[in-house]
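S.K.: Once you've had a glance at the structure underneath, I'll fire off some questions.
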Amino acid sequence: MTPGELIRPEILALKAYHVAEADGMVKLDAMENPYPLPEALRRGLAEVLARVELNRYPEPSGRKLRELLARKMHVPQGMELLLGNGSDDLIQIVTLAMARPGAVMMFPAPTFVMYGMNATLTGMRAVPVPLREDFSFDADAFVARMKRERPALVFLAYPNNPTGVLYPEEDVLKVIRAAGGLVVIDEAYHVFAGKSFMPRLTEFPNLVIIRTVSKLGLAGIRLGYLAGRPEWVEQFNKVRQAYNVGVLTQAAALFALERLDVLEGQAALIRSQRDELKKGLEGLKGVTVFPSHANFFLLRVPDADAVFERLKRQGVLVRNLHPGVRSCVRVTVGTPDENRILLTALREALT
Ligand SMILES: *Cc1c(COP(=O)(O)O)cnc(C)c1O
């Protein structure tokens, strides 16, 4: 008896999410905030964490943390929050809850790989609808396809990963209004986009928003949140593993989000560096830079495999998206030093 005879064929066909070895590298592959918490805050955090009762189970719904998030993130009155072990967890919870036999999940593509991955895991039929050649969104084509496929679930990353494109608000509204199913807007990069559907959440009964604190500077603690009407949250809450957010994560998140201004200050720095880096990248011959509202850029280069390898040899780790996204690599906006190193290494890699 072998796993090959017993494991579901769709699992056998999957590849595990790939995370590259990054020791000693300039790490620009995963859209992390490059800035640590200031030293004084780290000491304060250590004291808080020292008092956490590790022998006790977490408060299962993370009530205090939900209340703080609702306040800090301007979640509209009457909406509820569900916490996840990263937003990856929430994507899985929503998908698992909606995966009736034969149900369809739709999303523009290329996009975040976890949507399609979770469709596979739960037996939903994934329908990726190609973005235009420049990665802009053809909302009318998407809506036409929705009418045929009748998706139970639509995922829209706003802005999109790995392209960085922020779809026009009007286009997203078209999708929400035409959808017979649930639309999930994934706002992993909202702090860099300056745009959000959070204020409009109450307008649409078929909309939920998921977010993460990962790109804000807390990728290591694993915390995501879903905001939506109580009717949706009530159902998703049944699918959630009872203790999906640990005591250390809850305590660290409470501490850091009480000081959200620090993280937002870092995000502002990253946004201004994004504009600087864009100029530098646009000055490189042979590189097409796609406009980004996130903390990364998608670059089209003559030979993505070669560029990736040459950057790696120079100690710079980026994400190679080829062949999934033809001839493209994705680079995170780093510190000014890291961005300079990237530009120098890229210039070298392109010759
Ligand atoms: C990074 C990312 C996530 C995952 O966030 P985690 O909270 O770290 O799991 C979700 N959606 C998109 C679009 C992302 O880019």
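The values are calculated or read from the model by the stated rules, or taken from the named source; none is laboratory data. Worth saying up front: this structure is predicted, and the values here are computed from it rather than measured. For the accessible areas, the whole protein counts, side chains as well, though only heavy atoms, and no ligand, DNA or RNA atoms are used. Shrake-Rupley method; radii C 1.70, N 1.55, O 1.52, S 1.80 Å.
S.K.: How much mean residue ellipticity at 222 nm does the chain get from its helices, if each DSSP H run of length 4 or more adds -39500 (n - 2.57) and you divide by all residues, to the nearest 500 deg cm²/dmol? The partial results should precede the final answer.
M.R.: Working: 14 runs with 147 residues, N = 351.
Using -39500 (n - 2.57) per qualifying helix, the result is -12500 deg cm²/dmol.
S.K.: Suppose the chain between Asp305 and Val113 were pulled fully straight at 0.36 nm per residue; how much longer would it get relative to their current alpha carbon spacing? Write out the running numbers ahead of the final one.
M.R.: On the way: separation 192, 0.36 × 192 = 69.12 nm, distance 1.95 nm.
Gain on extension, Asp305 to Val113, equals 67.2 nm.
S.K.: Please list, in chain and number order, the residues 5+ apart from Val154 or on another chain whose amide H is under 5 Å from its amide H, with Hs placed from the backbone.
M.R.: For Val154, the qualifying residues are Met106, Leu182, Val183, Val184.
S.K.: At a 1.4 Å probe radius, carbon and sulfur cover how many percent of the accessible area of segment 1-159? Don't skip to the end; give the middle numbers.
M.R.: Values: 4900 of 9060 Å².
Using a 1.4 Å probe with all protein chains present, segment 1-159 comes out at 54 percent carbon and sulfur.
S.K.: Please arrange Ile185, Ile7 by accessible surface area, largest first, computed with a 1.4 Å probe and ligands excluded. List each step's numbers first, then the result.
M.R.: Details: Ile185 0, Ile7 75 Å².
These residues rank, largest area first, as Ile7, Ile185.
S.K.: Would you work out if the chain is rounded, prolate or oblate? Take a ≥ b ≥ c from the square roots of the eigenvalues of the alpha-carbon gyration tensor; rounded if a/c is under 1.5, else prolate when a/b is larger than b/c, oblate otherwise. Write down the numbers at each step before the final one.
M.R.: Details: a/c = 1.44, a/b = 1.10, b/c = 1.30.
Because its axes are fairly even, with a/c under 1.5, the chain counts as rounded.
S.K.: Same structure again: Name the most mobile residue of Ala141, Ala99, Ala179, meaning the one with the largest mean-square fluctuation, in a Gaussian network model of the chain with Cα contacts below 10 Å.
M.R.: Looking only at Ala141, Ala99, Ala179, the biggest GNM fluctuation is shown by Ala141.
S.K.: Name the long-range amide H neighbours of Ala109: under 5 Å, sequence gap of 5 or more, or other chain; modelled H, no Pro or chain starts.
M.R.: So Ala109 has HN proximity to Val129, Leu131.
S.K.: For a test of the definition: using alpha carbon positions, the gyration tensor, and the 1.5 limit on a/c, classify segment 52-259 as rounded, prolate or oblate. Before the final figure, lay out each step's value.
M.R.: On the way: a/c = 1.83, a/b = 1.56, b/c = 1.18.
Prolate.
S.K.: Next up: Just tell me which lysines come within less than 26 Å, Cα to Cα, of Lys27; anything on the same chain fewer than 8 places away is out.
M.R.: Lys15, Lys215, Lys278, Lys279, Lys285, Lys312
S.K.: I want to verify the translational diffusion coefficient of segment 75-196 in µm²/s; compute it with Stokes-Einstein, Rh as the Kirkwood radius over Cα pairs, at 20 °C and 1.002 mPa s. All intermediate terms of the calculation are to be shown ahead of the outcome.
M.R.: Details: Rh = 14.7 Å.
The diffusion coefficient I find is 146 µm²/s.
S.K.: Under the rule of at least 5 residues apart or a separate chain, name every residue whose amide H is placed under 5 Å from the amide H of Gly164.
M.R.: none
S.K.: May I pose another question? Give me the percent of the accessible area of segment 209-351 that comes from carbon and sulfur atoms, probe 1.4 Å, all protein chains in place. Show your work: numbers first, answer last.
M.R.: Values: 3060 of 6110 Å².
Heavy-atom surface of segment 209-351 belonging to carbon and sulfur, 1.4 Å probe: 50 percent.
S.K.: Solvent-accessible area per residue for segment 52-259 at a 1.4 Å probe radius, Å²?
M.R.: 41 Å²
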